[in-house]
Amino acid sequence: MLCLGIESTAHSFGIGIVDEKCNVLANVTDMYKPPEGWGIHPTEAAKHHDEVRQDAIAAALEEAGKSMDDIGLVAFSQGPGLAPCLHKGLNTAKELSDSGSIPMIGVNHCIAHIEIGRKTTSLKDPITLYTSGANTQVLGFVSGRYRCFGETMDIGIGNALDKFGRGVGMGFPAGPRIEQIAKKGKYVELPYVVKGMDLSFSGIVTAALNKLKREKLEDVCFSLQETTFAMLTEVTERALAHTCKDEVLLTGGVAANKKLQDMLGVMCKERGAGFAAVERSLSSDNGAMIAWLGMLMHKAGNSTHDEVLPRQRTDEVDVNWI
Ligand code: AMP
Ligand code: MG
């Protein structure tokens, strides 16, 4: 059986097609880019998704060498995410499901990130550090659910990097650009904000922008990464210690960052824990991960309502496929 997955939680509209062994037959993503100097406007992103969705479906089917007749299941991102964007995914799933009499299933976006990571790396029961534009969470499987051990109290780490970038006139997304510029930088002090197991980034972004009155851009970029990534590493390490797990999985768009990978890698090595970052095409928001979680849930006998859940929490979902 093949599953077609639809990702539409935020800026990306993705269509992925996977088989029962998680071979990725197609993974097409079309990303909404806000005008320079602006963040993501939910209704503008949704309008983008509406405009590109038919082409994305056609491109994915072509990439896979398949037609809709070959698809046995349609999965969509149910939440968390921006409601207008989620509705585009739900409507697309409904159309495909109705016209081909194909079952459909809604999946949790954050858990989809974890499951594609578990399947495509050697890690089996990791603490997952999920670092994306909107989300920053430290997650681990305990007592039948993916529990959240720590998370951001305000904006996601990717959003923090993008906000800083916007403040200095970088295009979106700013994360990769900051990573390049930081290579030439040295440390200048920024606030370090970990409260219990939770993190806060927005004050650090403001402090970093203020620092630019006196310090060089490369030094502030270096310190912004150094500080926020150290915070992420600290909380991830404590989740490892607390759960007695011995693996760390890094995913989300910010997982592409080599500095973050290195810092987590060093921490894991010192603890004797395994570490892996999900490969880039599967760590950013994408349809293949939605398709794979849909497949797992469907095979385990799950069904869902045709609704979006913009505020769905990772630990609300009963995990009966592990
Ligand atoms: P996602 O929301 O998972 O699609 O991830 C998008 C986020 O990843 C954006 O905020 C980007 O700035 C960020 N990002 C992408 N590549 C990098 C990188 N190399 N370093 C830091 N952040 C990155
Ligand atoms: Mg994501």
Just to confirm, what accessible area per residue do you get for the chain at 1.4 Å probe, in whole Å²?
42
Whole-Hz ³J(HN,Hα) for each residue in the stretch 129-145, computed from phi via Karplus 6.51 cos²θ - 1.76 cosθ + 1.60 with θ = phi - 60°, x for glycine and proline: what do you get?
9, 9, 10, 10, x, 8, 10, 9, 9, 10, 10, x, 7, 9, 6, x, 9
Using only the Cα atoms of the stretch 67-177, build the gyration tensor, take square roots of its eigenvalues as a ≥ b ≥ c, and label the shape rounded, prolate or oblate: rounded if a/c is under 1.5, else prolate if a/b is larger than b/c, else oblate.
oblate
With just the Cα atoms of the stretch 122-277, tell me how far they stretch along each of the three principal axes, in Å, largest first.
49, 27, 25
Ignoring ligands, DNA and RNA, what percent of the accessible area of the stretch 122-277 is carbon or sulfur (1.4 Å)?
50
So what's the gap between the Cα centers of the stretch 99-174 and the stretch 15-79, to the nearest angstrom?
17
For the stretch 103-144, what is the convex hull (Cα atoms) projected area averaged across all directions, in square nanometres?
4.0
In whole Hz, what ³J(HN,Hα) sequence does the stretch 241-254 give by Karplus (6.51, -1.76, 1.60; θ = phi - 60°), x for Gly and Pro?
4, 5, 8, 6, 7, 9, 9, 10, 10, 10, 8, x, x, 6
Along the stretch 267-274, Karplus-curve 3J(HN,Hα) (6.51, -1.76, 1.60; θ = phi - 60°) to the nearest Hz, with x for Gly and Pro, reads 4, 5, 4, 5, 8, x, 9, x
For the chain, what is the relative contact order in percent, using Cα pairs closer than 8 Å and at least 6 residues apart in sequence?
25
Let me have the 222 nm mean residue ellipticity of the chain computed from DSSP H runs of 4+ only, each contributing -39500 (n - 2.57), with the sum over all residues rounded to the nearest 500.
-14000 deg cm²/dmol
On the protein heavy atoms, probe 1.4 angstrom, tell me the percent of accessible surface of the stretch 24-113 carried by carbon and sulfur.
49
Mind ranking 65-76, 152-163, 289-300 by how tightly packed they are, going by the mean number of other C-beta atoms within 10 angstrom, highest first?
289-300, 152-163, 65-76
Sort Phe13, Phe275 by accessible area with a 1.4 Å probe, largest first.
Phe275, Phe13
How are the alpha carbon pair distances in the chain distributed across 20 Å bins from zero to the largest one, expressed in percent?
34, 56, 10, 0
Cα coordinate range in the stretch 1-89, projected on the principal axes (Å, largest first)
42, 23, 18
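The values are calculated or read from the model by the stated rules, or taken from the named source; none is laboratory data. No experiment lies behind these values; they were computed from the predicted model shown. FYI the Cβ positions are ideal-geometry reconstructions off the backbone, even for glycines, and counts take in every protein chain you see. With ligands, DNA and RNA removed, areas are computed over all heavy atoms of the protein, side chains included. Shrake-Rupley method; radii C 1.70, N 1.55, O 1.52, S 1.80 Å.
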